Each structure stands twice: as structure tokens, then as C-alpha cells.
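Engineer: Starting off with a structure, shown below.
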Amino acid sequence: MERRVNGTRYELLSGDLKRNYATLLDAVMTLAAFAAFVTHDASGAYRASALEMLELIEDDRFGTPTHVKEWPGTRLIGSNTATLHTFRLSLDVQRMLRTRARSILDWSNPELPDDLHFLREDGTLIFGSIAHENYAWVVLNGTELALWKAANGPRLVRPRDRRLGHA
């Protein structure tokens, strides 16, 4: 179950998910301590490059891979599970995140593991994504929002504002 943080949820515009990947990573990595993603146990259809990537950053793994039924933004039904992989944001992990994808939307089976997300030092979510739904969001407190803006992070909208066309 996702732990809650005292902050406001903002969405990223879908156009910014396809562009501005480097800017997005710069902003998120100023705030996060960990990166995480899932591999689906049932599919087993990951390309060799995705599995190789996991081996390259094995030394930065935080804890052991965990079988889960839910992670930020997703809850599996039935008996299906996925494996949650969490890594400390070392320079090697940051380099891998920058070079393995051109967009946050690239983080999808079979090319890469699914649903890249970032966590604070205390394990609470700061950035979540569901690549196959073209959706990403952040949960930021006031200080973090100021740091996001100072890092020129992609534009954020409050979920209710998107319907109205306001930023």
C-alpha cells in the first residue's frame, strides 16, 4: 500500500511526457532518493536489453525484489503479481535512466520494465507513471514544488484544472 505524504498531487501534461525527458529526470532527481519499477511475472517477455539493464545496476539495488499486487497507480486483480525493483539513485542508476529511454513513456514491457517511479528517502512517492496509459503525476509539498520549478521541471497541472484548461 502506498504511504501518503503531506503534499499536493499534480499531473504532467501528456505532450510533456513525450518530450522533455531529460528535464523531467533533472527535476525528479533533485528530490528523490530511489527509483523503482516493476517487471511482470506472468509475461516473461522482456527483451534481453531490459534484463541486461537490471544486471548493470544490481549493485545499487535497495532491498530484495518484492512480489507485489500493487504499486503507485496500479492494483492487479486475480492471482497475478509483479516484481518491484527499487534502486538507490546512484550516478550509475541516473546514467542508466538517462540512456535507456527517450521518454517516460518508453518505460513499458517488453522494451523496459514498467511504470518507472521515484521515492523520497522515507519511501513515499514523489513521481509516478503508468506508461501504457500515457499518465504521470507528482506529489509535492511547497518546498518541493519550488525546487521543481527551480530545476525547470515540466509544467504541472492540478487534476481538476486539466478539465478546465487551466495550468
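The values are calculated or read from the model by the stated rules, or taken from the named source; none is laboratory data. Worth saying up front: this structure is predicted, and the values here are computed from it rather than measured. Positions of Cβ are generated from backbone atoms using ideal geometry, with glycine treated the same way; all protein chains shown enter the neighbour counts.
Engineer: Is there any pair linking a residue in the stretch 96-116 that is closer than 20 Å to Glu58 by Cβ to one that is in a helix (DSSP H, G or I) and of a type in the set (Lys, Arg), with Cβ under 7 Å and at least six apart or on different chains, and which?
Structural biologist: From residues that are closer than 20 Å to Glu58 by Cβ, the pairs are Leu112/Arg100.
Engineer: While we're looking at this one, here's another question. Does the stretch 63-91 hold any residues that are of a type outside the set (Val, Ile, Thr) and over 14 Å from Ala36 (Cα atoms), and which are they? Working first, answer last.
Structural biologist: From the stretch 63-91, those of a type outside the set (Val, Ile, Thr) are 63, 65, 67, 69-73, 75-76, 78-80, 82, 84-85, 87-91; that's our starting set.
Within the stretch 63-91, Lys69, Arg75, Leu76, Gly78, Ser79, Asn80, Leu91 qualify.
Engineer: Another question about this same structure. Output the residue which, of all residues in the stretch 85-141 that are in a strand (DSSP E or B) and aromatic (Phe, Trp, Tyr), is farthest from Asn20 (Cα to Cα).
Structural biologist: Going through the stretch 85-141, the residues in a strand (DSSP E or B) turn out to be 85-88, 114-119, 125-130, 135-140.
After this cut, where a residue has to be aromatic (Phe, Trp, Tyr) as well, the list is 87, 118, 127, 135, 137.
On the way: Phe87: 23, Phe118: 17, Phe127: 15, Tyr135: 14, Trp137: 15 Å.
Among residues in the stretch 85-141 that are in a strand (DSSP E or B) and aromatic (Phe, Trp, Tyr), the one farthest from Asn20 (Cα to Cα) is Phe87.
Engineer: Which of the residues belonging to the stretch 47-102 are among the aromatic types (Phe, Trp, Tyr) and out of contact with any Asp or Glu (no Cβ under 8 Å at 6 or more places or on another chain)? Reasoning before the result, please.
Structural biologist: To start, the set of residues in the stretch 47-102 that are among the aromatic types (Phe, Trp, Tyr) comprises 62, 71, 87.
The one that is among the aromatic types (Phe, Trp, Tyr) and out of contact with any Asp or Glu (no Cβ under 8 Å at 6 or more places or on another chain): Phe62.
Engineer: Do we have any residue at all in the stretch 146-156 that's out of contact with any Lys or Arg (no Cβ under 7 Å at 6 or more places or on another chain) and modelled with pLDDT under 90?
Structural biologist: Residues of the stretch 146-156 that are out of contact with any Lys or Arg (no Cβ under 7 Å at 6 or more places or on another chain), as a first pass: 146-156.
Narrowing the set further to residues that are modelled with pLDDT under 90 leaves none.
Within the stretch 146-156, not a single residue is out of contact with any Lys or Arg (no Cβ under 7 Å at 6 or more places or on another chain) and modelled with pLDDT under 90.
Engineer: Step by step: first the residues of the stretch 55-84, then only those that are assigned to a helix (DSSP H, G or I) and surrounded by fewer than 18 Cβ atoms within 10 Å (Cβ to Cβ), then the one that is modelled with the highest pLDDT. Which residue is that?
Structural biologist: First pass over the stretch 55-84, keeping only residues assigned to a helix (DSSP H, G or I): 55-56, 58-60.
Add one more test, that the residue is surrounded by fewer than 18 Cβ atoms within 10 Å (Cβ to Cβ), and what stays is 55-56, 58-59.
Working: Glu55: 76, Leu56: 73, Glu58: 78, Asp59: 82.
Among those residues, the one meeting the criterion is Asp59.
Engineer: Would it be correct to say that Arg95 is within 16 Å of the chain's Cα centre (by Cα) and surrounded by fewer than 14 Cβ atoms within 10 Å (Cβ to Cβ)? I'd like the intermediate steps shown before the answer.
Structural biologist: Details: within 16 Å of the chain's Cα centre (by Cα): yes; surrounded by fewer than 14 Cβ atoms within 10 Å (Cβ to Cβ): yes.
Criteria met by Arg95.
Engineer: Do we find a residue being under 14 Å from Asp26 (Cα atoms) and hydrophobic (A, V, I, L, M, F, W, C) anywhere in the stretch 81-90?
Structural biologist: Going through the stretch 81-90, the residues under 14 Å from Asp26 (Cα atoms) turn out to be 89-90.
The next check asks that each one be hydrophobic (A, V, I, L, M, F, W, C); those that pass are 89.
Yes, the stretch 81-90 contains a residue that is under 14 Å from Asp26 (Cα atoms) and hydrophobic (A, V, I, L, M, F, W, C).
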